[in-house]
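For reference, the structure is listed below as structure tokens.
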Amino acid sequence: MRRVLRTSDPDIVAEGPARPPVTIPRLVEMKAGREPIVMVTAYDYPSARAAERAGVDMVLVGDSGAQVVLGHGSTVEVTTDEMLVLASAVRRGVRTAFVVCDLPFGSTEVSDEQAVTTALRFVKEAGADAVKLEGGGPARLSRIRALVSAGIPVVGHVGLTPQTAVSLGGLRAQGRTAASAAQVVRDALAVQDAGACALVVEAVPADIVAVFLPGTRIPVIGIGAGPADGQVLVLHDLLGITEGPTAAFVKRYAAIGDGMRAGIAAYADEVRRSVFPGPEHGYAAGADALPAAEREFARWKAEDDDRHRETAEG
């Protein structure tokens, strides 16, 4: 399911030789060798290029893009078509990382057939290497089995599942009570047994994850869930682009949001003070260009004056 690379792609030509594309066997190999897996979200071509150049192993086109880049109030509002636009842009920017696309809420809930139809669009139209499906209940396990039977790799997602956070009492950590901890363990192992190729565990105490981690044969990617086999963070969170407070498990590695605001403010200030643009930001006209433009304007002005005169006299 890897895309065919175009050698005419200027980014690819400029980069030269690169590591082989990250595959499912490679991810399993990394788990076995205790080589931490690096995963970040991306929602457009520039962020995908940045992640690719940074050498991450996996890129997640998360439905968190609903809030992060589309301005929706929650992840459940994003549509399949919107997700496909984001996923396609990311795929165009990624050469070697393993691209996983979230299946949005409402696109898999009706039936296994609906889930397969939706997932096929992400594979065929957006070039996804795998799709991600939240939850570990009976219906979700049925969806995973159906997708795997159709030849579509699936990444599971247990613990805090944002699409169904209402039923969990909101965006709260899971696995902190006896019942919840047992449920997380059941869900994680059931998702693996259903055929998932990897598993994201969100907002679960690290010691709970450590209980079932030895029983997993697939890579376990944590987000607020301790070390696991790898980590995922939202690109905009780790770069400091996200406004307002972030989850406790987020660490900011840059303050790009502040830099963006400062840069735009500086630009606005120079425009308002007529400092920008300067002569160096323009283009020189050819020797005969200005006279030609002046003649054309004079012709138009004469005709326009005639039209106004005729209108006034008529």
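Could you run through region 121-148 and say how many residues are under 13 Å from ASP81 (Cα atoms) and either open to solvent by 30 Å² or more (accessible area, probe 1.4 Å) or assigned to a loop (DSSP other than H, G, I, E, B) (or both)? Write out each step before concluding.
Within region 121-148, the first condition is being under 13 Å from ASP81 (Cα atoms), and the residues that meet it are 121-122, 125-126.
Now drop any that are not either open to solvent by 30 Å² or more (accessible area, probe 1.4 Å) or assigned to a loop (DSSP other than H, G, I, E, B) (or both), which leaves 121, 125-126.
Residues meeting the conditions: 3.
Name the residue, out of SER107, SER149, that is at negative phi and over 20 Å from the mean Cα position of the chain (by Cα).
On the way: SER107 fails: over 20 Å from the mean Cα position of the chain (by Cα).
Result: SER149 is the single residue among SER107, SER149 that is at negative phi and over 20 Å from the mean Cα position of the chain (by Cα).
If a residue must be acidic (Asp, Glu), touching a residue at least 12 places away in the same chain (Cβ under 8 Å) and more than 17 Å from GLN67 (Cβ to Cβ), how many such residues does region 229-272 contain?
Total satisfying the criteria: 2.
Go through ALA66, ALA89 for me and flag whichever is among the small types (Gly, Ala, Ser), closer than 15 Å to ASP44 by Cβ and in contact with a Phe, Trp or Tyr (Cβ under 8 Å, 6 or more places away or on another chain).
Working: ALA66 fails: in contact with a Phe, Trp or Tyr (Cβ under 8 Å, 6 or more places away or on another chain).
Just one listed residue meets the conditions, ALA89.
I'd like to check something: does region 172-195 contain any residue that is in a helix (DSSP H, G or I), hydrophobic (A, V, I, L, M, F, W, C), in contact (Cβ under 8 Å) with a residue 60 or more places away in the chain and crowded, with 18+ Cβ neighbours inside 10 Å?
Just the residues of region 172-195 that are in a helix (DSSP H, G or I), to begin with: 178-194.
Right, trim to hydrophobic (A, V, I, L, M, F, W, C) and you get 178-179, 181-182, 184-185, 188-191, 194.
So of that shortlist, the ones also in contact (Cβ under 8 Å) with a residue 60 or more places away in the chain come out as none.
For region 172-195, residues in a helix (DSSP H, G or I), hydrophobic (A, V, I, L, M, F, W, C), in contact (Cβ under 8 Å) with a residue 60 or more places away in the chain and crowded, with 18+ Cβ neighbours inside 10 Å: absent.
Tell me yes or no: at least one residue of region 69-89 is within 22 Å of VAL28 (Cα to Cα) and among the aliphatic types (A, V, I, L, M). Walk me through it before giving the result.
So the first thing to find is which residues in region 69-89 are within 22 Å of VAL28 (Cα to Cα), and the list is none.
No, region 69-89 contains no residue that is within 22 Å of VAL28 (Cα to Cα) and among the aliphatic types (A, V, I, L, M).
Looking at region 236-287 only, could you name the residues that are among the acidic types (Asp, Glu) and either open to solvent by less than 40 Å² (accessible area, probe 1.4 Å) or over 22 Å from VAL61 (Cβ atoms) (or both)?
Selection gives ASP237, ASP258, ASP269, GLU270, GLU280.
Could you please find all residues in region 17-45 being open to solvent by less than 20 Å² (accessible area, probe 1.4 Å) and assigned to a helix (DSSP H, G or I)? Talk me through it step by step, then tell me what you get.
Initial filter on region 17-45 (open to solvent by less than 20 Å² (accessible area, probe 1.4 Å)): 22, 27, 30, 37, 39-43.
Residues satisfying the conditions are LEU27, MET30.
Give all pairs with beta carbons closer than 8 Å in which a residue from region 153-169 that is over 16 Å from ASP129 (Cβ atoms) and modelled with pLDDT under 80 meets a residue that is part of a helix (DSSP H, G or I) and open to solvent by 40 Å² or more (accessible area, probe 1.4 Å); count only pairs at least 6 apart in sequence or on separate chains.
These pairs meet every condition: GLN163/VAL76.
Checking the condition in contact with a Phe, Trp or Tyr (Cβ under 8 Å, 6 or more places away or on another chain) and either under 27 Å from PRO138 (Cα atoms) or open to solvent by less than 30 Å² (accessible area, probe 1.4 Å) (or both), which residue from ILE218, ILE223, ILE208 passes? Reasoning before the result, please.
On the way: ILE218 fails: in contact with a Phe, Trp or Tyr (Cβ under 8 Å, 6 or more places away or on another chain); ILE208 fails: in contact with a Phe, Trp or Tyr (Cβ under 8 Å, 6 or more places away or on another chain).
Only one candidate passes the filter, namely ILE223.
Suppose we keep only residues that are among the hydrophobic types (A, V, I, L, M, F, W, C) and either within 16 Å of PRO20 (Cα to Cα) or in contact with a helix residue (DSSP H, G or I) (Cβ under 8 Å, 6 or more places away or on another chain) (or both) within region 51-63. Which one would you say is surrounded by the fewest Cβ atoms within 10 Å (Cβ to Cβ)?
Among those that are among the hydrophobic types (A, V, I, L, M, F, W, C) and either within 16 Å of PRO20 (Cα to Cα) or in contact with a helix residue (DSSP H, G or I) (Cβ under 8 Å, 6 or more places away or on another chain) (or both), it is ALA54.
From the list ALA14, ALA48, ALA89, ALA66, exactly one residue is modelled with pLDDT under 95, part of a helix (DSSP H, G or I), in contact with a helix residue (DSSP H, G or I) (Cβ under 6 Å, 6 or more places away or on another chain) and of a type outside the set (Lys, Arg). Which is it? Walk me through it before giving the result.
Values: ALA14 fails: in contact with a helix residue (DSSP H, G or I) (Cβ under 6 Å, 6 or more places away or on another chain); ALA48 fails: modelled with pLDDT under 95; ALA89 fails: modelled with pLDDT under 95.
Step by step, each of ALA14, ALA48, ALA89, ALA66 is checked, and only ALA66 is modelled with pLDDT under 95, part of a helix (DSSP H, G or I), in contact with a helix residue (DSSP H, G or I) (Cβ under 6 Å, 6 or more places away or on another chain) and of a type outside the set (Lys, Arg).
Condition check: outside any helix (DSSP H, G or I), in contact with an Asp or Glu (Cβ under 6 Å, 6 or more places away or on another chain) and at negative phi. Does VAL158 satisfy that? Give the steps one after another, and end with the answer.
Values: outside any helix (DSSP H, G or I): yes; in contact with an Asp or Glu (Cβ under 6 Å, 6 or more places away or on another chain): yes; at negative phi: yes.
So VAL158 fits the description; yes.
Are there helices (runs of 4 or more DSSP H) fully within region 203-314 with at least 2 residues that are over 30 Å from HIS157 (Cβ atoms) and under 28 Å from the mean Cα position of the chain (by Cα)? List them.
Details: elements: 206-212, 235-238, 256-272, 289-313.
Result: 256-272.
The values are calculated or read from the model by the stated rules, or taken from the named source; none is laboratory data. Please read all numbers here as calculations on a predicted model, not as lab measurements. Glycine also receives a Cβ, built like all others from the backbone with ideal geometry; neighbour counts cover every protein chain displayed. Side chains are part of the model used for accessible areas, which takes the heavy atoms of the whole protein and leaves out ligands, DNA and RNA. Shrake-Rupley method; radii C 1.70, N 1.55, O 1.52, S 1.80 Å.
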